[in-house]
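The values are calculated or read from the model by the stated rules, or taken from the named source; none is laboratory data. Note that this is a predicted model, so its numbers are computed, not measured. We place every Cβ from the backbone using ideal geometry, glycine too, and count neighbours over all the protein chains shown. Each accessible area value is taken on the protein alone, full model and side chains, heavy atoms only, with ligands, DNA and RNA left out. Shrake-Rupley method; radii C 1.70, N 1.55, O 1.52, S 1.80 Å.
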Amino acid sequence: MSVETMSSQSESVKASAVQASALALSKPVLNIGAQGAAVTELQNLLNGYAAYLANGASNSFKVIVDGDFGLKTLKAVKAFQRQVFLPRTGTVANLTWQALYLRGPVNMPTIQYIDNTNFSTGNSVKLLEEALFQVNYLASSQVNTSFGTSTQTAVMNYQTAMILTSDGIVGTNTWFSLSKQYRPLGIFD
C-alpha cells in the first residue's frame with residue numbers, strides 16, 4: 001500500500017469520523033428476537049462490513065438478510081462489536097449503530113506512553129494490547145493494561161508496518177487500522 005493511499009485513507013477516516021459524530025441516529029435498540037426493517041438494515045450493514053473487510057474475519061459478519069434478529073445475527077453483532085472494540089453485548093444500541101455506519105471504532109480515547117510516571121492505563125490499553133497481541137506485535141506476557149515502553153514499541157512497529165505516522169500515540173487512525181485487522185479468537189476471548 002502506498003503512502004499516498006494511506007494518506008487518502010487517513011483523510012477518509014477523519015471525514016468518516018466527523019460524519020459519524022454528526023449523525024443524529026435515531027435508531028431503535030435491537031436485541032435477539034427483534035424483527036422488521038431495522039433488523040434488515042442491521043443485517044445489510046453487517047454484510048456491507050464483511051465485504052468492506054474482505055479478510056479472514058469477514059465471514060464472522062455475514063448473515064442472511066431476513067429481518068429476523070436470530071442467533072446468527074446475534075453472533076455477527078458480537079463479532080462486529082469485538083472487531084471495533086465495543087463491549088460484546090449483542091445489543092445494537094447507538095454506539096454499535098454509529099460503528100456500523102462508520103465501519104470502524106467510535107469514541108476511542110487517544111492513549112500513549114510519555115514517561116515512567118505518566119502513561120495510559122485501563123480497559124482501553126487492555127483492548128489495544130490484546131489487539132496488538134492478536135496481530136503478532138506484542139507477546140501475551142506483555143498484556144498488562146499499562147501502556148509502557150514495550151507497548152509503545154509495539155505500537156510504533158505496527159504503525160510503521162501499516163504506513164501510519166509512527167509516533168507511538170494511539171489515536172483515531174491507529175484504532176481504525178487495528179479494527180480492520182483479522183484478529184482470531186485467542187487467549188483473551
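If you go through the range 132-161 and keep only what is in contact with an Asp or Glu (Cβ under 7 Å, 6 or more places away or on another chain), in contact (Cβ under 8 Å) with a residue 24 or more places away in the chain and among the aliphatic types (A, V, I, L, M), you end up with just Val143.
Among the residues of the range 64-84, just one is in a loop (DSSP other than H, G, I, E, B), in contact with a strand residue (DSSP E or B) (Cβ under 7 Å, 6 or more places away or on another chain) and surrounded by 22 or more Cβ atoms within 10 Å (Cβ to Cβ), namely Phe69. Looking only at residues of the range 85-109 that are of a type in the set (Val, Ile, Thr) and not in a loop (DSSP other than H, G, I, E, B), we find that the one that is surrounded by the fewest Cβ atoms within 10 Å (Cβ to Cβ) is Thr96.
Here Gln159 clears all of (1) open to solvent by 40 Å² or more (accessible area, probe 1.4 Å); (2) under 18 Å from the mean Cα position of the chain (by Cα); (3) not aromatic (Phe, Trp, Tyr) except the condition numbered (1). Residues of the range 162-180 being free of Cβ contacts under 8 Å to residues at least 24 places away in the same chain, among the small types (Gly, Ala, Ser) and in a helix (DSSP H, G or I), which ones? Ser177, the sole residue that qualifies. If the condition is being under 12 Å from Ile169 (Cα atoms) and open to solvent by 50 Å² or more (accessible area, probe 1.4 Å), then the range 110-148 contributes Thr110, Gln112, Ile114, Phe119. Candidates are the residues of the range 49-91 that are within 14 Å of Leu178 (Cα to Cα) and among the polar types (S, T, N, Q); the one that is farthest from the chain's Cα centre (by Cα) is Asn55.
When the criteria are applied in full, Val18 meets the requirement of being part of a helix (DSSP H, G or I), open to solvent by 70 Å² or more (accessible area, probe 1.4 Å), modelled with pLDDT under 95 and under 23 Å from Gly171 (Cα atoms).
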